[in-house]
Amino acid sequence: MREGVAGRSSRLSLVQPRPKGRRRRPLKGAALLILFLGAGLLFYKAGEACCLVEEISVTGNVRLSEAELIAHSGIKTGTSLLLLQSKRAEEKLAALPELSAVAVKRRFPSTVHIAVQERQVAASLLDQNRFWLLDREGVLFAEQAHPAENLPVITGVEEAEITVGKTLAHRKKSAALRIFLEALPRVPLLEPAELNLSNPANLVLYTGDGRKVLLGDSEKMIHKLTLLQAFLQESGTGRYLDLRAGDRLVVLAE
């Protein structure tokens with residue numbers, strides 16, 4: 001009997017509880033984080049020293065200088081191509097009102113190429129004693145002291161309606177202006193001197209030889225300008241012309 005008890009006691013003594021406070025959990029998550037941060041730091045340092053920018057080229061610019069565009073992009077020689085933020089540079093350049101499109105490309109091992117598309121002048125807008133250049137979409141993008149040569153001058157716009165880099169704030173004037181500017185290339189022999197936008201429902205055009213033309217609204221603009229071009233080519237007489245009907249030109253009595 002004692003031996004049985006002793007034997008059982010001996011078997012039970014083989015299983016001993018582990019002392020409290022000695023158990024440690026593996027720090028897998030922390031170790032991975034440290035390794036990740038370390039690898040990121042090494043990559044960053046390697047990127048700083050690898051493939052440095054030695055040349056920045058610019059194409060597509062006419063009005064804006066190469067130096068001006070490079071400075072505005074924020075890109076500098078000595079920057080790593082691996083760490084260069086192309087999209088950020090594009091956003092900075094796109095903020096320039098003179099540009100309609102821009103692309104920044106990395107060319108390894110050491111070149112950055114900036115390709116831009118400048119807005120093309122379609123007309124000048126007169127605001128008191130200064131002129132704003134407009135593209136075919138009606139976007140105002142630059143100011144200068146004189147109007148663009150051989151292009152129409154836009155009048156009848158209030159100062160409050162003008163914002164650089166945008167179309168006119170007056171919605172109806174902006175729409176009428178855009179329709180007019182988009183129609184002009186379809187009548188290449190017509191060289192209007194002025195378009196008055198004071199009333200977009202009753203547009204008034206002045207020709208280079210001083211004729212006053214009532215255009216009415218912007219409906220059938222291409223057809224109206226085509227009729228006017230044909231009339232002027234045929235040396236039609238009359239200083240006061242009416243195209244408001246849209247399908248015919250009427251010479252009015254002065």
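The values are calculated or read from the model by the stated rules, or taken from the named source; none is laboratory data. Everything quoted here is computed from the prediction, not taken from an experiment. Quick reminder, even Gly has a Cβ in these numbers, built from the backbone with ideal geometry, and neighbours come from all protein chains shown.
Please go through the range 60-74 and give me each residue that is hydroxyl-bearing (Ser, Thr, Tyr) and surrounded by 12 or more Cβ atoms within 10 Å (Cβ to Cβ), ordered by number.
Ser73
Search the range 75-93 for residues being surrounded by 14 or more Cβ atoms within 10 Å (Cβ to Cβ) and of a type in the set (Gly, Ala, Ser), and hand back the single one that is farthest from Gly165 (Cα to Cα).
The extreme case among them is Ser80.
Under 7 Å between Cβ atoms, which residue pairs at least 6 apart in sequence (or on different chains) link something in the range 201-222 that is assigned by TED's automatic domain parsing to the domain that holds Pro152 and charged (D, E, K, R) with a partner that is outside any strand (DSSP E or B) and surrounded by fewer than 17 Cβ atoms within 10 Å (Cβ to Cβ)?
Short answer, once both residue conditions are applied: Arg211/Arg239; Lys212/Arg239; Asp217/Ala201; Glu219/Gly246; Lys220/Gly246.
Residues are listed down the side, and each one gets a yes or a no for (1) in contact with a Phe, Trp or Tyr (Cβ under 8 Å, 6 or more places away or on another chain); (2) surrounded by 15 or more Cβ atoms within 10 Å (Cβ to Cβ); (3) at pLDDT below 95:
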{"residue": "Lys173", "(1), (2), (3)": "no, yes, no"}
{"residue": "Ala176", "(1), (2), (3)": "no, yes, no"}
{"residue": "Phe180", "(1), (2), (3)": "no, yes, no"}
{"residue": "Leu184", "(1), (2), (3)": "no, yes, no"}
{"residue": "Glu191", "(1), (2), (3)": "no, yes, yes"}
{"residue": "Glu194", "(1), (2), (3)": "yes, yes, no"}
{"residue": "Pro200", "(1), (2), (3)": "no, yes, no"}
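Testing Gly74 on (1) at positive phi; (2) in contact (Cβ under 8 Å) with a residue 40 or more places away in the chain, one condition comes back false. Which one is that?
Condition not satisfied by Gly74: (2).
List pairs: first residue in the range 151-169 and closer than 18 Å to Leu96 by Cβ, second residue modelled with pLDDT under 95 and acidic (Asp, Glu) anywhere in the structure, Cβ distance under 7 angstrom, at least six positions apart or on different chains.
If the second residue must be modelled with pLDDT under 95 and acidic (Asp, Glu), the pairs left are Ile162/Asp127.
Residue check: is Leu168 surrounded by 17 or more Cβ atoms within 10 Å (Cβ to Cβ), in the same structural domain as Val58 (by TED's automatic domain parsing) and of a type outside the set (Lys, Arg)?
no
Identify the residue in the range 210-254 that is within 19 Å of Ala176 (Cα to Cα) and of a type in the set (S, T, N, Q) and, among all such residues, is surrounded by the most Cβ atoms within 10 Å (Cβ to Cβ).
Ser218
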